[in-house]
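*Asks:* Quick one: structure below, then a few questions.
The values are calculated or read from the model by the stated rules, or taken from the named source; none is laboratory data. Owing to the predicted nature of the structure, the values given are computational and were not obtained by experimental measurement. Using ideal geometry, Cβ is built from the backbone for each residue, glycine included, and neighbour counts are taken over all protein chains shown. In case anyone asks, the SASA skips ligands and DNA or RNA and just uses the protein heavy atoms, side chains included. Shrake-Rupley method; radii C 1.70, N 1.55, O 1.52, S 1.80 Å.
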Amino acid sequence: MKHLKANITLLLLALFAGGICFVGCIKGDLPSSNDSAEDWDGLQLWYNKPARKWTEALPVGNGRLGAMVFGNTATEHLQLNEDTIWAGPPVPQDRVGAYKHIAEARKLIFEGKYAEAQRIMQKEVMGQRISPRSHQTLGDLRLTFPAGQVITDYRRELDLDTGIVRVIYSDGDATFTREVFASAVDQCIVVRLSCDKPGKINFDVSLSRPADVNVGGLAPDLIVMEGQAAQQGKHKGVKFEAHLRIIPEGGKLIPKFSAVDKADAVTLLLVAATDYNFDNPYKPLTRDLARTCAKQIAAVEKKSYERIRAEHIAEHRRLFRRMNLDLGTTPAAAKPTDERLKALREGADDPALAALYFQFGRYLLISCSRPGCMPSNLQGLWNEHLAAPWNADYHININIQMNYWPAEVTNLSECHEPFFRLTEALLPFGRKTARDVYNCRGFVAHHTTDVWLHTSPFGSVGYGMWPMGAAWCTQHFMEHYRFTGDKKFLKNRAYPVLKEASLFFLDWLVEHPKTGKLVSGPSNSPENTFLAPDGKRVNLSMGPSMDQEIIWDTFTNLIEAAEILGIKDDFVREVIAARSKLALPKIGSDGRLMEWSEEFEEPEPGHRHMSHLFALHPGRQYTFQNAPEMVTAARKSIEYRMAHGGGHTGWSRAWIINFWARFLEGDKAEENVTALLAKSTHPNLFDNHPPFQIDGNYGGCAGIAEMLLQSHAGEVHLLPALPKAWDDGSVKGLCARGGFKVNIAWKDGKMIKADIHAKRGGICKVRYGDKVVKIKTRAGKSYSLNGHLERL
């Protein structure tokens, strides 16, 4: 390989299966030269033993390709992923003409005949659930080493600051080092093996997959694996191919056994391509996958390992080093990560573990959600299965939304892009479902979708009869505008999807015969049940609180976007009128925010979903500034649910952190951060639903950010929910709505300094405690405040 001078300031384009994945440096994105080395200390997940199971292995990813690294000294195992490898159709289908039966179901519900209405909806509206049709593993890379002597000084680590997994150990008098990373620059997974003694690198190498694959060699130094995702011969889906190049330094290759003998060092390069066509999933790409892989290999193997590594680190840090968090360090931080988790369960004080978990959440989003790639699914990118739990799909009834809660606030705005791209891709399918199933305009999607972009209601009404998924996705478009101020995005992307979602609601809503208010339904409160007046346990009602809150949020976002864009037409006036007539959630006789429009008995009062609190978070309908009585009612709801066992799943606990942050209760929020780490976190810091589900990682990350900075209520609120456990600390690079970047330092629980950088300019209303000041800012300027909000 030739050693060429790195030039990381160029825009690098790398072809990948289904499109183009964009990477590169943007002016102003690189870390400040003022950042000290100490700012990035302590950002390693590390262990003194190899991984015994998948949830102990360490993840690397470049948005499209990923690997889980086990680090065994006898047999290294990399479980591999590519983000578009899915088993195929058939997918759930629309029940054309179902709308003819919905009016009867609504009438029955208004008459109190819930079970009868639910039977009609199940029989006449719901499509067939077709499973498994899962995202699948690409396969496994294994390196088998000769028997060693006595292994000592073993360490396995993932450095979040470099995006590199490193394994180092001594075998006799030789020290061996492995490095593994997934390069976004070169669109490949890189494995480097070295030793401080020459001629010591010996191993056999293999690629394999549990099913539906052929493996062969095109050259002595090249292994090829090709296949097609399927489920036991059915659901034939995406075709794929992977190439593994073996590049020894010294020693020799033994082609017959795919072995390396007596090398000084070895670099392995793995690339992959598929025929998935994002623009038309049902018409695969016709490109030559072998040729695509060969081009990728040819491009990267021209570079030295040192250059590949340096460019990878620079590109990773372009995103990762945009922010830093210090919550203080205790002696507990000196232990391996798995031992820190164990100590935390036993009561250890380890605030640095919360900071590490926060940065791990950002690392995961960088590693599995880059522009041009697929969005983060239920497992992000990392999936060892052919039939994953819940198909590792895109659940849009909270899970994918939670995946992207950290994107804007933690300074990873472009990592949001794959989610926008998926939502926009649902439009033609969602329009068809809206028309054929509901006889409505606009677009609709329900509780889940996948790479085949289906939008139909299917399966049980308990989870599937919920036409709010698309609208919730559109909230993220408006949030992106609020953080960035990108009016081109607002006009060309946010407003169109908000209009489509609002069109559906205008046709879907009906007047309640008793109140005259507009209500949604029949619909569920996601996955929860209630007891109808006749004692039967049912799911569907008219006007469940979450529906009404999402509709209010969608209408409000549309109205605000129209005002900014100067749109004043009949459609906008119709939305304004509908919002004014919308039935809103009520407070029950016990002071709780009601989940349904009537006070029903709850068979499962500790249910994991807390859907009716959407208006508190991630919504902004209820704040202390505009609706303190509703915030109080929401708090009583969360206290009731927690008292009955709520928060028992990882993602649910993560959501609770965000709720307590919005209640401005730092100690309560921190208690739930600790509970998330202690009860719902695997040794490799993956969230444990159970089983592994990545949304809890992102929700926890977002919750920690929400404790330190909030901006949803029209103010940049500094340290709104700082707990006593984080008495001293600092955060750099958080983002606030209005286009502000914020640094905060505090000591003894009190803010000592805040720096606010205005990206756009304009009035910045800043709150700390009960004190509020307004700053007239200019684009590109920074403003420093002391703990009294006085200018420095």
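*Asks:* Go through the stretch 147-167 and count every residue that is open to solvent by 20 Å² or more (accessible area, probe 1.4 Å), part of a loop (DSSP other than H, G, I, E, B), in contact with a strand residue (DSSP E or B) (Cβ under 7 Å, 6 or more places away or on another chain) and touching a residue at least 60 places away in the same chain (Cβ under 8 Å).
*Replies:* Of the residues in the stretch 147-167, 1 are open to solvent by 20 Å² or more (accessible area, probe 1.4 Å), part of a loop (DSSP other than H, G, I, E, B), in contact with a strand residue (DSSP E or B) (Cβ under 7 Å, 6 or more places away or on another chain) and touching a residue at least 60 places away in the same chain (Cβ under 8 Å).
*Asks:* Within the stretch 417-445, can you find the residues that are in contact with a Pro (Cβ under 6 Å, 6 or more places away or on another chain) and more than 23 Å from Ala407 (Cα to Cα)?
*Replies:* Within the stretch 417-445, just Val444 meets the criteria.
*Asks:* Quick one: which helices (runs of 4 or more DSSP H) lie wholly within the stretch 372-462 and hold at least 2 residues that are surrounded by fewer than 22 Cβ atoms within 10 Å (Cβ to Cβ) and out of contact with any Leu (no Cβ under 9 Å at 6 or more places or on another chain)?
*Replies:* 417-425, 427-438
*Asks:* Out of the stretch 688-711, which residues are surrounded by fewer than 24 Cβ atoms within 10 Å (Cβ to Cβ) and either of a type in the set (Gly, Ala, Ser) or under 19 Å from Leu45 (Cα atoms) (or both)?
*Replies:* Asn688
*Asks:* Every residue in the stretch 488-528 that is out of contact with any helix residue (DSSP H, G or I) (no Cβ under 7 Å at 6 or more places or on another chain) and more than 21 Å from Ala615 (Cβ to Cβ), please.
*Replies:* Those that are out of contact with any helix residue (DSSP H, G or I) (no Cβ under 7 Å at 6 or more places or on another chain) and more than 21 Å from Ala615 (Cβ to Cβ): Lys488, Asn492, Pro496, Leu503, Asp507, Glu511, Lys514, Gly516.
*Asks:* With respect to His316, is the statement that it is of a type outside the set (Ser, Thr, Tyr), buried (at least 22 other Cβ atoms within 10 Å of the Cβ) and part of a helix (DSSP H, G or I) true?
*Replies:* So His316 fits the description; yes.
*Asks:* Given the condition more than 36 Å from the chain's Cα centre (by Cα), more than 29 Å from Leu365 (Cβ to Cβ) and either at pLDDT below 95 or crowded, with 18+ Cβ neighbours inside 10 Å (or both), answer yes or no: does some residue in the stretch 210-217 qualify?
*Replies:* yes
*Asks:* Hey, among the residues in the stretch 264-308 that are without any contact (Cβ under 8 Å) to a residue 24 or more places away in the chain and under 25 Å from Val215 (Cβ atoms), which one's least open to solvent (accessible area, probe 1.4 Å)?
*Replies:* Ranking the qualifying residues of the stretch 264-308, first place goes to Ala298.
*Asks:* What are the residues in the stretch 127-146 that are within 28 Å of the chain's Cα centre (by Cα), buried (at least 20 other Cβ atoms within 10 Å of the Cβ) and hydrophobic (A, V, I, L, M, F, W, C), if any?
*Replies:* Across the stretch 127-146, the qualifying residues are Leu138, Leu141.
*Asks:* Can I ask one more? Take the stretch 325-354 and flag every residue that is more than 15 Å from Leu45 (Cα to Cα), acidic (Asp, Glu) and in contact (Cβ under 8 Å) with a residue 12 or more places away in the chain.
*Replies:* The answer is Asp326, Asp349.
*Asks:* I need a count of the residues in the stretch 715-770 that are under 17 Å from Glu790 (Cβ atoms) and either free of Cβ contacts under 8 Å to residues at least 12 places away in the same chain or among the aromatic types (Phe, Trp, Tyr) (or both).
*Replies:* Adding up the residues that qualify gives 4.
*Asks:* Just to be sure I understand the filter: pairs with C-beta atoms under 6 Å, separated by 6 or more residues or on different chains, first member in the stretch 51-80 and closer than 14 Å to Leu138 by Cβ and open to solvent by less than 10 Å² (accessible area, probe 1.4 Å), second member of a type in the set (Gly, Ala, Ser) and part of a loop (DSSP other than H, G, I, E, B). Which pairs pass?
*Replies:* Cβ pairs passing all conditions: Asn62/Ala184; Met68/Ala57.
*Asks:* To continue, here is another question. Cβ-Cβ distance below 9 Å, separation of 6 or more or different chains: which pairs start in the stretch 607-634 with a residue that is without any contact (Cβ under 8 Å) to a residue 12 or more places away in the chain and end on one that is among the small types (Gly, Ala, Ser)?
*Replies:* Here the result reads Ala627/Ala615, each pair linking the stretch 607-634 to a residue that is among the small types (Gly, Ala, Ser).
*Asks:* Sticking with this structure for a sec: Only one of (1) over 30 Å from Ala229 (Cβ atoms); (2) in contact with a Ser or Thr (Cβ under 8 Å, 6 or more places away or on another chain); (3) open to solvent by 20 Å² or more (accessible area, probe 1.4 Å) fails for Thr329. Which number is that?
*Replies:* (2)
*Asks:* Could you say whether any residue in the stretch 562-575 is open to solvent by less than 10 Å² (accessible area, probe 1.4 Å) and within 29 Å of Glu111 (Cα to Cα)?
*Replies:* Scanning the stretch 562-575 turns up at least one residue that is open to solvent by less than 10 Å² (accessible area, probe 1.4 Å) and within 29 Å of Glu111 (Cα to Cα).
*Asks:* Of the numbered conditions (1) in a helix (DSSP H, G or I); (2) in contact with a Ser or Thr (Cβ under 6 Å, 6 or more places away or on another chain); (3) under 24 Å from Glu549 (Cβ atoms), Gln475 satisfies every one except a single condition; which is it?
*Replies:* For Gln475, the failing item is (2).
*Asks:* Out of the stretch 183-217, which residues are without any contact (Cβ under 8 Å) to a residue 12 or more places away in the chain and out of contact with any Lys or Arg (no Cβ under 9 Å at 6 or more places or on another chain)?
*Replies:* Gly216
*Asks:* Here's a follow-up. Is one or more of the residues making up the stretch 519-535 under 27 Å from the mean Cα position of the chain (by Cα) and under 14 Å from Lys581 (Cβ atoms)?
*Replies:* No; the residues of the stretch 519-535 include none that is under 27 Å from the mean Cα position of the chain (by Cα) and under 14 Å from Lys581 (Cβ atoms).
*Asks:* Just checking: which of the helices (runs of 4 or more DSSP H) contained wholly in the stretch 607-687 hold 3 or more residues that are surrounded by fewer than 20 Cβ atoms within 10 Å (Cβ to Cβ) and modelled with pLDDT of 95 or more?
*Replies:* In the stretch 607-687, 628-643, 666-679 are the helices (runs of 4 or more DSSP H) which contain 3 or more residues that are surrounded by fewer than 20 Cβ atoms within 10 Å (Cβ to Cβ) and modelled with pLDDT of 95 or more.
*Asks:* Which of the residues belonging to the stretch 485-515 are polar (S, T, N, Q), over 15 Å from Glu560 (Cβ atoms) and surrounded by 18 or more Cβ atoms within 10 Å (Cβ to Cβ)?
*Replies:* Result: no residue meets the conditions.
*Asks:* Filter the stretch 275-313 down to the residues that are part of a loop (DSSP other than H, G, I, E, B), hydroxyl-bearing (Ser, Thr, Tyr) and either more than 30 Å from Glu408 (Cα to Cα) or over 28 Å from the mean Cα position of the chain (by Cα) (or both) and list them by number.
*Replies:* Within the stretch 275-313, Tyr282, Thr286, Ser304 qualify.
*Asks:* Something else about it: Restrict the check to the stretch 693-714 and report whether at least one residue is in contact (Cβ under 8 Å) with a residue 40 or more places away in the chain, over 24 Å from Trp390 (Cβ atoms) and over 23 Å from the mean Cα position of the chain (by Cα).
*Replies:* Yes.
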